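*Asks:* Below: one structure in structure tokens.
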Amino acid sequence: MGSTSFSEEIFLRNLSETDRSENAASKNHQSENFYPLRGASNPHLQTLLPRLVRRRVKLRPIWQRLDLPDGDFVDLAWSEDPQFARHKPRMVLFHGLEGSFTSPYAHGLLQAWRDKGGLGVVMHFRGCSGEPNRLRRIYHSGETEDARFFLNWLTQTYGEAPTAAVGFSLGGNMLACYLGQEGENCRLQAAVIVSAPLMLEPCALRLEQGSSRIYQRYLLDQLKSNARRKLLKYPDTLPVTLQELDAMRYLREFDDAITSKAHGFQNALDYYRRCSGLPLLPKVKVPLLIIHAKDDPFMTDAVIPDPRDLPPEVEYQLTERGGHVGFVGGSWRHPQMWLETRIPDWLAPRLLAESTIEKNRHHDHSL
């Protein structure tokens, strides 16, 4: 039996165990719809709970460094050795602001995808894997060139296989930009975007108001800490001094002084307006699921698209609860990370369909 068909057999077997049982209709309904953990529907609880539910990283990733054409690098965290899993359906994960493989949503989803029989990988943005990047730049919400290079490299290095991408928060906005830019030329067969700030300017303003300010302080501290490590290891690789960095109190200040200046934008406002993913959604040509909670404390309603502007390829799921990349259901004794079920269940049949089509195409050519 060939390796491709064996991988499909394993993937189908795992899919059948979860989706094709005699209770499939009931399970699919539960998978598709989010019901918050009883007593924990508050958006702040939902946002913070994943750090408790997934505080232990069980998956041991395979690390790989990918050198970029400009002399910099990004680090990859695989769910298993890709050399021996090259024919499995692939899921590429793009993390949020200052996220990484150790983010609860990242290692949890990679484990869930591996359990389903697929190959997963986190592409860390520059400087987000624990080691500062080398060049006079970092990453941002609309920077798609590294993702584009990686996806091309993935096919060239490990061959063709059905591939999907999942983007969380900042990584979700970046993925929306990539999908819109690529249009019909997109290398992906499907994609999922979760809790993405698809309109950057109103989201930046929201983080400066009320209880959302606690998230701004946390994110800014993470950004400043990473920037400080970079300046200490590679002096003069950011357009600020350590003193100027320490004085920053708002994300907008960081984007004004560093993100915009390091990437050719006039200022933070220019960056926000040119890199928001929402205006690019009408150009998406691959199956895309967007998941967003109305009570996301990072966002405003400005990120919610008008359904009339969405192409038929885009499925938009707006939940009442869930917080920011939270979506914790189940019970206190047995909490459940809904995204770890919803995303694989949505992706699997789309990648399997693509795999079947591709196998039939090869079979026809061999006749």
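The values are calculated or read from the model by the stated rules, or taken from the named source; none is laboratory data. Here the structure is a predicted model, which is why all the values come from computation and not from measurement. So basically every Cβ, Gly included, is an ideal-geometry build from the backbone, and we count neighbours across all protein chains shown. The accessibility values were calculated without ligands, DNA or RNA, using every heavy atom of the protein model including side chains. Shrake-Rupley method; radii C 1.70, N 1.55, O 1.52, S 1.80 Å.
*Asks:* When you scan segment 130-209 for helices (runs of 4 or more DSSP H) that lie fully inside it, which ones turn up with 3 or more residues that are surrounded by fewer than 20 Cβ atoms within 10 Å (Cβ to Cβ) and at pLDDT below 95?
*Replies:* none
*Asks:* List pairs: first residue in segment 284-303 and under 15 Å from GLY167 (Cα atoms), second residue part of a helix (DSSP H, G or I) and among the charged types (D, E, K, R) anywhere in the structure, Cβ distance under 7 angstrom, at least six positions apart or on different chains.
*Replies:* PRO287/ARG350
*Asks:* For the subset of segment 77-92 comprising residues that are of a type outside the set (Lys, Arg) and open to solvent by 40 Å² or more (accessible area, probe 1.4 Å), which member is farthest from SER129 (Cα to Cα)? Lay out the reasoning, then the answer.
*Replies:* Our first condition is that a residue be of a type outside the set (Lys, Arg); within segment 77-92, this holds for 77-85, 87, 89, 91-92.
Then drop every residue that is not open to solvent by 40 Å² or more (accessible area, probe 1.4 Å), which leaves 81, 83-84, 87.
Values: ASP81: 18, GLN83: 22, PHE84: 24, HIS87: 26 Å.
The selected residue is HIS87.
*Asks:* Out of the residues in segment 283-295 that are out of contact with any Pro (no Cβ under 7 Å at 6 or more places or on another chain) and part of a loop (DSSP other than H, G, I, E, B), which is least open to solvent (accessible area, probe 1.4 Å)?
*Replies:* Selected residue: VAL286.
*Asks:* Being open to solvent by less than 40 Å² (accessible area, probe 1.4 Å) and farther than 21 Å from ALA348 by Cβ: is that true of LEU110 here?
*Replies:* no
*Asks:* Condition first: under 19 Å from MET174 (Cβ atoms) and not basic (Lys, Arg). Can you find one or more residues in segment 328-338 that meet it?
*Replies:* No: zero hits.
*Asks:* Are there any pairs with C-beta distances below 8 angstrom linking a residue in segment 131-155 that is within 20 Å of THR259 (Cα to Cα) to a residue that is aromatic (Phe, Trp, Tyr) and open to solvent by 40 Å² or more (accessible area, probe 1.4 Å), with the two at least 6 apart or on different chains, and if so which?
*Replies:* PRO132/TYR234; ARG134/TYR234
*Asks:* Of the residues that sit in segment 37-63 and are open to solvent by less than 40 Å² (accessible area, probe 1.4 Å) and assigned to a loop (DSSP other than H, G, I, E, B), which one is nearest to LEU207 (Cα to Cα)?
*Replies:* LEU49
*Asks:* Going through segment 261-281 one residue at a time, which ones are more than 18 Å from ALA190 (Cβ to Cβ), assigned to a helix (DSSP H, G or I) and not aromatic (Phe, Trp, Tyr)?
*Replies:* LYS261, ALA262, ALA268, LEU269, ASP270, ARG273, ARG274, LEU278, PRO279
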